[in-house]
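Down below is the structure, laid out as structure tokens.
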Amino acid sequence: MRWLNLVLCCCFAGASLAALDTGANPPPKPDDIPLPKGWDKPRIEKLLAQLGDEQFDTREAASKQLSEAPGEILPQLVQTLNETADLELRARLDEACKKLFLTDVLPKMPGMRAGQGFIGISWSLSSDPPGVQVQEVIAGTAAEAQGLQVGDLITKFGDHEFKATETMEDAWKIFRGMSPGDKVALKIHRDIADVDMNITVGEKPEAYRNAEAEAATNEELWEKYRKGELKPGKKVFADAPLAKPEESTKEPNTPQLGK
């Protein structure tokens, strides 16, 4: 039996980047994406203009509203960002756009969550009998909630049945694709009995995250999106309620910006 304690979580910062669409399909044009309710073009243009206002409070208020806006307006903001030559305006708009991208667009992109799942065990690879053996169950995780126990031998994970010839890299490949919320069927050998168990993959706790690596990956993803190399597709922008035709000519009810 080969022993090596590892935490079953998938700590590979590049996994999300590899899973996202950077292919040849063109990204949706700003005009192809309907604006959400309360966010017509006059409001967006007004806030963009206020980013260049002389008053600091006005600039800050506009930046805050843009960074907390629905993701559907991001293509229009990025188009303005890429076209403006004003360095100060670019810096403010880049900050607002990046925050909006990371909080409201990137999490909705297919494949983004791959590699971020967390079951909550430390484990070793066994060749006889073949499987992944639980060495520790981490408190407050999916593994504890579903009743996994130290000594359990996971012989089947989803559709994958472990074999005696399995390598550590083979095992990691199985777990690298986990996303939070995935439901996985496990076959467990416990004592002298086989147990079937369904487990819902959880979120990776802060203690097991690599903040520096994640920040670097997020920065790379944002730059790819800004340059048009990352293609969210229209489905990512399809969740917000749309503005009614008559709303497009009305001034939205928003707090007054400081002067």
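The values are calculated or read from the model by the stated rules, or taken from the named source; none is laboratory data. Computed from a predicted structure; not experimentally measured. Here the Cβ is made from the backbone with ideal geometry for all residues, glycine too, and neighbour counts use every protein chain on show.
Couple of notes before you dig in:
- Checked against the criterion of being in contact with a strand residue (DSSP E or B) (Cβ under 6 Å, 6 or more places away or on another chain), touching a residue at least 24 places away in the same chain (Cβ under 8 Å) and not hydroxyl-bearing (S, T, Y), the candidates I138, I154 yield just one match: I154.
- Filtered residues of segment 84-98 (kept if at pLDDT below 90 and under 16 Å from P70 (Cα atoms)): none
- Given (1) surrounded by fewer than 16 Cβ atoms within 10 Å (Cβ to Cβ); (2) over 30 Å from L221 (Cβ atoms), number of the condition V137 does not satisfy: (1)
- Conditions (1) surrounded by 12 or more Cβ atoms within 10 Å (Cβ to Cβ); (2) within 26 Å of the chain's Cα centre (by Cα); (3) at pLDDT below 90: number failed by D40: (2)
- L48 falls short on exactly one of the conditions (1) crowded, with 16+ Cβ neighbours inside 10 Å; (2) in contact with a Gly (Cβ under 7 Å, 6 or more places away or on another chain); (3) modelled with pLDDT of 90 or more, and that condition is (2).
- Given (1) modelled with pLDDT of 90 or more; (2) not in a helix (DSSP H, G or I), index of the condition C10 fails: (1)
- Residue count, segment 104-131 (criterion: of a type in the set (V, I, T) and within 19 Å of G202 (Cα to Cα)): 2
- The set of residues in segment 167-193 being under 14 Å from F157 (Cβ atoms), in a strand (DSSP E or B) and of a type outside the set (K, R) consists of V184, A185, L186, I188, H189.
- Tally, over segment 85-119, of residues that are surrounded by 16 or more Cβ atoms within 10 Å (Cβ to Cβ) and either of a type outside the set (D, E, K, R) or within 10 Å of the chain's Cα centre (by Cα) (or both): 20
- Complete set of residues in segment 158-200 that are in contact (Cβ under 8 Å) with a residue 60 or more places away in the chain and either over 28 Å from M112 (Cα atoms) or not assigned by TED's automatic domain parsing to the domain that holds G140 (or both): H189
- Evaluation of T165 against (1) in contact with a Pro (Cβ under 9 Å, 6 or more places away or on another chain); (2) surrounded by 15 or more Cβ atoms within 10 Å (Cβ to Cβ) (one fails), failing number: (2)
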